[in-house]
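Novice: Got a structure here, written out as structure tokens. Questions coming.
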Amino acid sequence: MPTSRPNILLVMSDQHNARFMGNAGHPVVRTPALDQLAAQGTRCSAAYCPHPLCVPSRMGFLTGRPPSEVGCWGNGSVLDFDTPTFAHAFAAAGWESVLCGRMHFEGPNQFHGFQRRLFGDSTYSLSPEILGQGRNRTNGQTRYAVEVAGHGQTGFQSFDQIVTDRACRFLRERSPADPPFCLVVGLMLPHNPLICSQRWFDYYMGALPPLELPTPREIEHLHPAIRAWRQRRDVDDLTPLRHRRALAAYCGLVSELDQNLGTLLRALRQPAFADNTLVVYCSDHGDQAAEHGLWWKSSFYEGSARVPLIFHQPGRIPAGRELASVVSLIDIGPTLLELAGAPAMPTASGRSFARLLLNQPSPSWPDEAFSEYAGDHGDRPSCMLRRGRWKLIYYSEFDSCQLFDMYSDPSEQHDLASDPAHRPILDALLADIRQRWSAQRMIDGLQRDRERWKTIKDLPPIGPHPVEHHQPLPGDNAFDFSQLPQPPSLLRSLQNQQGVFPAVGR
């Protein structure tokens, strides 16, 4: 337990691939603030989201529970008012619990345990021209969102700038006489649209090495669930140039995110905070970012399911260390509470890995993470179990699996599911999945979500004070479509694209 109650600054980005940091070994991406944070703290290199989609993952993160356990199945899910979060737990223990920026709360409650909200969310940040419509949306999951990529700016950049400024103002105005704070800062980048400043776009277009993309023959031999995923999003025919432009913009967005993080960290360099603040950086899920020729989230390859996670506390958490134990976002709340010396959350399913961070013996740590996906864009439910070196992905649509050895094959190029020598491992992991998880339950839950949303979507906001959400200024969104090498493809609507399907086997 700490000798005094530490302040907590937790920064959560949106859709950051854990490999895209200099401290994680990326050869090109420039992330000096993240690199400094990792050099001064501990980077968790096997951290996973509980659901590779924004709202369910974030609600799992806040509650310390699997998203399906708290009734969150998709991006329209509304967390119940009375579901405890770590924001409630810190407030009850005497911290001031504050949110600034994105948390993707749906429904009238925009606080869920936070006592103050310095700034709201980014729902209205994109102009209609940049956003697009239907399946042709730059913030969505179809080829259009890869084809419309390049240099310019969007409301997401201005949103992050305002969030950063508001958080810095909060830190500047803090008095030593104030109670300790738990400040959660939610940034939007590097979430698509894949549009970054020209400076970074030009740099990465020149700096990125040639991309390794699957050939048409390799695509034919992919697992049927991955082939279906690709076809539903129409990404099979994206050209290498399209991928490169999109990846250059994604890298640029990561660097822009890093600049905002650097501003926040500099604001902590005042005596009141410097030696007694626990800093955490994470993301809600990843982005495939052209790995395996895929993009966005909604899959269980590492790019989508694994998240960046860094802890820093001067004189307490070891500096320059990599923690390779498997952890989950649902473990963060319990871990923060233990590190801060606050009472635990009795409702949490996640476990504290504070002892691991402090480099203390933890023989009982299970070294596993479970993640689930209800389906979207025509996908059916699937799930992932990472335990030690093994990672099993189960696809209910095909009642089949992928199995990877993450120690010898971290890029997931060799599926061992059909290898007889690995059958006992597959059977053991699959038995665990069948005991804890049901595809039909996911489908039923997603359907209930849609019906529930119809009832409450127009309710007025409820909370301790009004929340100011982002309203972009006229110059915040600017993109010259003539820079594109070809006009973007326009896709027709897809039946069942919201992810609700006929019943499937459990």
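Rule-based calculations on the coordinates, nothing more; no lab input. The structure displayed is predicted, hence computed values, not measured ones. All Cβ positions, even for glycine, are placed from backbone atoms using ideal geometry, and neighbour counts span all protein chains on display.
Novice: Give the residue list of trypsin sites (Lys or Arg not before Pro) in segment 218-287 that are DSSP loop and have at most 15 other beta-carbon atoms within 10 angstrom. Mind showing how you got there, number by number?
Specialist: Details: sites: Arg227, Arg230, Arg232, Arg233, Arg242, Arg244, Arg245, Arg266, Arg269; in loops: Arg269.
Within segment 218-287, the qualifying trypsin sites (Lys or Arg not before Pro) (loop, at most 15 other Cβ atoms within 10 Å) are Arg269.
Novice: Go through (i) 47; (ii) 70; (iii) 52 and flag the label whose value is the computed percent of Cα pairs over 29 Å apart for this structure.
Specialist: Answer by label: (i).
Novice: Here's another thing I want to ask about it. How high is the relative contact order of the chain, in percent, with contacts defined as C-alpha pairs under 8 Å that are six or more residues apart?
Specialist: 27 percent.
Novice: Rounded, prolate or oblate: which fits segment 1-110, taking a ≥ b ≥ c as square roots of the Cα gyration tensor eigenvalues, rounded meaning a/c under 1.5, else prolate when a/b beats b/c?
Specialist: Working: a/c = 2.25, a/b = 1.31, b/c = 1.71.
Oblate, because a/c is 1.5 or more while a/b does not exceed b/c.
Novice: Now, a different point. Using modelled amide H (1.01 Å from N, peptide plane; none on Pro or chain starts), what sits under 5 Å from the amide H of Gln110, excluding residues fewer than 5 places away?
Specialist: HN-HN under 5 Å from Gln110: Ile462.
Novice: Need the C-alpha centroid separation for segment 396-419 versus segment 1-70, integer Å.
Specialist: What the calculation gives is 25 Å, centre to centre.
Novice: Which lysines, on any chain, are close to Lys391 with Cα under 19 Å apart, when same-chain ones fewer than 8 places away are left out?
Specialist: Lys297
Novice: Next up: Can you tally the net charge around Gln198? Count Lys and Arg as +1, Asp and Glu as -1, for every other residue whose Cβ sits under 13 Å from the Cβ of Gln198.
Specialist: -1
Novice: Give me, ordered by chain and number, the residues 5 or more places off Ser349 or on other chains with an amide H under 5 Å from its own placed amide H.
Specialist: Under 5 Å from the amide H of Ser349: Arg65.
Novice: Please express the shape of segment 285-386 as an equivalent ellipsoid: the semi-axes are the square roots of 5 times the eigenvalues of the C-alpha gyration tensor, given largest first in whole angstrom.
Specialist: In descending order the semi-axes read 29, 17, 12 Å.
Novice: If you rank Ser299, Ser57 by fewest surrounding Cβ atoms within 10 Å, what's the result?
Specialist: Starting with the residue having the fewest Cβ neighbours, the order is Ser299, Ser57.
Novice: What is the sum of charges, Lys and Arg at +1 and Asp and Glu at -1, for the other residues whose Cβ falls under 14 Å from the Cβ of Arg65?
Specialist: Net charge in that neighbourhood comes out at -2.
Novice: Quick check: the distance between the Cα centres of segment 171-234 and segment 105-170, to the nearest angstrom?
Specialist: Cα centres, segment 171-234 to segment 105-170: 14 Å.
Novice: Just add up the charged neighbours of Leu126: K/R +1, D/E -1, any other residue whose Cβ is under 11 Å from the Cβ of Leu126.
Specialist: Taking every other residue near Leu126 into account, the sum is -1.
Novice: Note down the magnitude of the dipole of the chain about its Cα centre, charges +1 on Lys and Arg C-beta and -1 on Asp and Glu C-beta and zero elsewhere, to the nearest 20 debye.
Specialist: Dipole magnitude for the chain comes out near 440 debye.
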